[in-house]
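These notes are about the structure you will find just below.
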Amino acid sequence: MKPSIAVGVTGASGAIYAVRTIAALMEIGCHLEIVFSDYGKRLLMDELGTDAKVDRLQDLLEARYGAAVRNGTFVVHSNKDLGASLASGSHRCSGMVIVPCSMKTLAGVSLGLSRSLIERAADVMLKEHRRLVIVPRETPMSLPALRHQVAAAEAGAMILPAMPAFYQQPKTIDDLADFIAGKILNALGFEQHLFAPWKGE
Ligand SMILES: Cc1cc2nc3c(=O)[nH]c(=O)nc-3n(C[C@H](O)[C@H](O)[C@H](O)COP(=O)(O)O)c2cc1C
């Protein structure tokens, strides 16, 4: 059976991190339950072009990353649908990533507000003690945003900032996105081949 992973995409800058992560999880054969916030959809088009529409996501992924994404599958849920499968602990997603994660959704998750399907699915991950990876993107960060990250980490989430490294000598924006997506795969418990691990030399 394919591993099932939930993916939330919110309105922080860094849509490329979302599509690279989605593609990488599909390349390794995952089934994804994806939820875009309204601003997540907007940022997808603002940052990746007007063709980057959620209802053409499969085409977008194949055009950017090739046919290997067909190893995986996905469904997209409405962020307003609090009755979707993801809203229940009986759903079998083994983990969730919110990438990129806005400060608004971060606050909602850390306070357990469950106002949207992304926030509710994240709350389910925390209550069921499953992996929740939050990829915040903002700079500089306000004190409330910093506090919300501490609260989410204390509740069991992993905070994995959209903060690429440079020791792998990236040449392109795709190299930077590969680094973050690779870190997310590792955080979800998968092997990754998107960047070479540091060898200590
Ligand atoms: C072009 C653009 C870039 C934005 N970048 C960020 C960002 O990097 N981080 C952030 O927290 N909010 C950012 N925002 C603001 C969020 O989109 C806004 O707070 C929104 O209400 C988040 O809602 P959501 O979490 O439901 O997607 C950005 C908004 C726009 C229009």
message: I'm trying to understand the selection: among the residues of region 105-130, which are surrounded by fewer than 19 Cβ atoms within 10 Å (Cβ to Cβ), touching a residue at least 12 places away in the same chain (Cβ under 8 Å) and among the charged types (D, E, K, R)?
response: LYS127, GLU128, ARG130
task: Out of ILE184, ILE173, report the one residue that is among the β-branched types (Val, Ile, Thr), crowded, with 17+ Cβ neighbours inside 10 Å and closer than 22 Å to ILE22 by Cβ.
output: ILE184
Options THR139, THR105; residue that is within 10 Å of the ligand (Cβ to nearest atom), assigned to a helix (DSSP H, G or I) and under 24 Å from GLY14 (Cβ atoms): THR105
message: Show the residue pairs meeting these rules: Cβ distance below 6 Å; 6+ apart or different chains; first residue within region 78-91 and within 11 Å of VAL124 (Cβ to Cβ); second residue assigned to a loop (DSSP other than H, G, I, E, B).
response: SER85/HIS91; GLY89/GLU128
task: Check ASN79, ASN71 and return the single one that is over 20 Å from MET158 (Cα atoms), under 16 Å from the mean Cα position of the chain (by Cα) and polar (S, T, N, Q).
output: ASN79
- prompt: In region 67-86, which residues are crowded, with 18+ Cβ neighbours inside 10 Å and not in a loop (DSSP other than H, G, I, E, B)?
  reply: VAL69, PHE74, HIS77, LEU86
Among the candidates VAL135, VAL99, VAL150, VAL124, residue that is in contact with a helix residue (DSSP H, G or I) (Cβ under 6 Å, 6 or more places away or on another chain) and not acidic (Asp, Glu): VAL99
statement: Filtering region 42-66 for residues that are of a type outside the set (S, T, N, Q) and free of Cβ contacts under 8 Å to residues at least 24 places away in the same chain leaves a count of 11
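Bear in mind that the values in this text are calculations on the coordinates, not laboratory data. Fair warning: this is a prediction, and the values are worked out from it, not measured in the lab. Positions of Cβ are backbone-derived with ideal geometry, glycine not excepted, and every protein chain shown enters the neighbour counts.
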